[in-house]
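Colleague: Please see the structure below; I have some questions.
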Amino acid sequence: DVHRNRSITVNNLYTDSNGGYGAILDNSYSGSGSPQNVTLTGWGGFYSNGDDGLDVWSYGAITLYNITANDNGQNASSSTGWGAYLDNCLYDSGLSACTAVSPRGITLNGANTFNGNYQDGLDALSLGLIKASSLTANGNGDNGAYLDNQWDFGYFGVTLTGSNSFGSNGADGLDVWSNGVVTISNLSANWNTGDGAYIDAYNFDTAPGAKVTLTGSNSFRGNGDGITGPAGDPGAGLVVYSDSVITINNLTANWNTQAGAVLIASNAGGFWGPFPTNFNLTGVNTFNGNGLTGLYFESPANVSITKITADDNGGAGVYGTADGNITVACGSMTNNTGYGWDCWSAMTVTLKGVFAYGNNGGLGNTNEAGGTFVYVRSCP
């Protein structure tokens, strides 16, 4: 354990099979008015410890390299057991706020792995930017990773680069809570007991809109415990709330207990935010075999979807509402228990090369559209 009021720098730190914590790095004694940084260079290995693998408490920036924290929480009576717990927000429950007074970021460089821990694989709480590369968090007892900088006056975002995988966790694969821009590349969240990934980037209109962008290829398969209704876990593939533009490339959300993807460009209460809120699905997008709707969306602006397949879902293939135009180019929505597509727009719904058959929907193969409806047979 390291406890001090100055900066902490450690190189190549390894802990294994300790009865308590693997390592604690705490320089919060500096006080919020004099933040001091914590840096772990080289690599860090934290394995099979009785409590958490690595805890870092600081008012300063936390910068780590190549962290592996696996199989921590071995104490049978322990209520702890995180792979890594990183906190430079230092929340005060009495104040219902962070005690930090200046945003300082949390950064994980290199390749970072958090597998098989008793609680979450990784928790990161900050007022500043949370940035990580190549996160892997599989087989943890609770969430794979929980990243939260949706606090007080902090409007910094969350950025995950490289390839990021969250599988077979006991709750959600990835939880992100942020007031800022969320950008994630190559996100895979499969076979988690809860949601594959849950991203909340709604900032209550106190700052510029918080865009959510998923680049590369993104897959969400087999999430949920197989039980729908009150006794079941949420079990959607991907859930996104944002008060600005949502853009996702190459989205696959198949075989989830509930919806394949729920994408809402407003807050959970349905309030339309004041920021640009177009919703775009680019590349190739697949929503097959989900227990409820394949793709569910809400937007106060325009919606654009390309190359979509939404077949064999327990609800509609695609269900969505928008105050702007809805355009779907090149799509198949077949053999769904509900409608193939059920889209309502205050303006125009345009389908280009979209076909739907074998759907029930309560009215045979009928599909629904509000506003002005335009159908073009050819796929652009």
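Colleague: Just to be sure I understand, how many residues within the stretch 94-107 are touching a residue at least 24 places away in the same chain (Cβ under 8 Å), of a type outside the set (Val, Ile, Thr) and open to solvent by 10 Å² or more (accessible area, probe 1.4 Å)? Outline the logic, then answer.
Modeller: Looking only at the stretch 94-107, we keep the residues that are touching a residue at least 24 places away in the same chain (Cβ under 8 Å), and these are 97-107.
If we keep only those that are of a type outside the set (Val, Ile, Thr) as well, we get 97-98, 100, 102-105.
Within this subset, residues satisfying the condition of being open to solvent by 10 Å² or more (accessible area, probe 1.4 Å) are 97-98, 102-105.
Residues that pass the stated criteria total 6.
Colleague: Using the structure shown, decide if Tyr91 is in contact with a strand residue (DSSP E or B) (Cβ under 8 Å, 6 or more places away or on another chain) and at pLDDT below 95. Please lay out each step first, then the result.
Modeller: On the way: in contact with a strand residue (DSSP E or B) (Cβ under 8 Å, 6 or more places away or on another chain): yes; at pLDDT below 95: yes.
Yes; evaluated as a whole, the condition is true for this residue.
Colleague: Can you go through Asn256, Asn250 and tell me which one is at pLDDT 95 or above, of a type in the set (S, T, N, Q), surrounded by 23 or more Cβ atoms within 10 Å (Cβ to Cβ) and under 18 Å from the mean Cα position of the chain (by Cα)?
Modeller: Details: Asn250 fails: surrounded by 23 or more Cβ atoms within 10 Å (Cβ to Cβ).
Exactly one residue qualifies, and that residue is Asn256.
Colleague: Go through the stretch 310-356 and count every residue that is among the β-branched types (Val, Ile, Thr) and either closer than 19 Å to Gln258 by Cβ or in a loop (DSSP other than H, G, I, E, B) (or both).
Modeller: Narrowing the stretch 310-356 to residues among the β-branched types (Val, Ile, Thr): 318, 321, 326-328, 334, 337, 348-350, 354.
Imposing the further condition that a residue be either closer than 19 Å to Gln258 by Cβ or in a loop (DSSP other than H, G, I, E, B) (or both) reduces the set to 318, 321, 334, 337.
Residues that pass the stated criteria total 4.
Colleague: Is it the case, given these coordinates, that Asn164 is polar (S, T, N, Q), buried (at least 21 other Cβ atoms within 10 Å of the Cβ) and at pLDDT below 90?
Modeller: Details: polar (S, T, N, Q): yes; buried (at least 21 other Cβ atoms within 10 Å of the Cβ): yes; at pLDDT below 90: no.
Criteria not met by Asn164.
Colleague: Among the residues of the stretch 333-353, how many are open to solvent by 40 Å² or more (accessible area, probe 1.4 Å) and under 20 Å from Lys307 (Cβ atoms)? Please lay out each step first, then the result.
Modeller: From the stretch 333-353, those open to solvent by 40 Å² or more (accessible area, probe 1.4 Å) are 335, 337, 344, 346-347, 352; that's our starting set.
Going one step further and asking which of them are under 20 Å from Lys307 (Cβ atoms), we end up with 335, 352.
So the answer is 2.
Colleague: Mind checking whether some residue in the stretch 315-324 is open to solvent by less than 20 Å² (accessible area, probe 1.4 Å) and farther than 17 Å from Ala253 by Cβ? Walk me through how you get there before you give the answer.
Modeller: At the first step, the residues of the stretch 315-324 found to be open to solvent by less than 20 Å² (accessible area, probe 1.4 Å) are 315-318, 320, 322, 324.
Those still in the list that are farther than 17 Å from Ala253 by Cβ too: 322, 324.
Checked the stretch 315-324: at least one residue is open to solvent by less than 20 Å² (accessible area, probe 1.4 Å) and farther than 17 Å from Ala253 by Cβ.
Colleague: Among (1) under 18 Å from Asn112 (Cα atoms); (2) of a type outside the set (Phe, Trp, Tyr); (3) more than 25 Å from the chain's Cα centre (by Cα), where does Asn72 come up short?
Modeller: It fails just one condition, (3).
Colleague: May I pose another question? Quick check on this structure: which one of Gly237, Gly224, Gly196, Gly216 is modelled with pLDDT of 90 or more and surrounded by fewer than 21 Cβ atoms within 10 Å (Cβ to Cβ)?
Modeller: On the way: Gly237 fails: surrounded by fewer than 21 Cβ atoms within 10 Å (Cβ to Cβ); Gly224 fails: surrounded by fewer than 21 Cβ atoms within 10 Å (Cβ to Cβ); Gly196 fails: surrounded by fewer than 21 Cβ atoms within 10 Å (Cβ to Cβ).
Criteria check complete, one pass: Gly216.
Colleague: Here's a follow-up. For the stretch 286-309, which residues satisfy the criterion of being under 20 Å from Gln258 (Cβ atoms), among the polar types (S, T, N, Q) and under 21 Å from the mean Cα position of the chain (by Cα)?
Modeller: Selection gives Thr286, Asn288, Asn290, Thr293.
The values are calculated or read from the model by the stated rules, or taken from the named source; none is laboratory data. This one's a predicted model, so the numbers in the text were calculated from it and none came from an experiment. Here the Cβ is made from the backbone with ideal geometry for all residues, glycine too, and neighbour counts use every protein chain on show. Note: accessible area is taken over every heavy atom of the protein model, side chains too, but ligands, DNA and RNA are not part of it. Shrake-Rupley method; radii C 1.70, N 1.55, O 1.52, S 1.80 Å.
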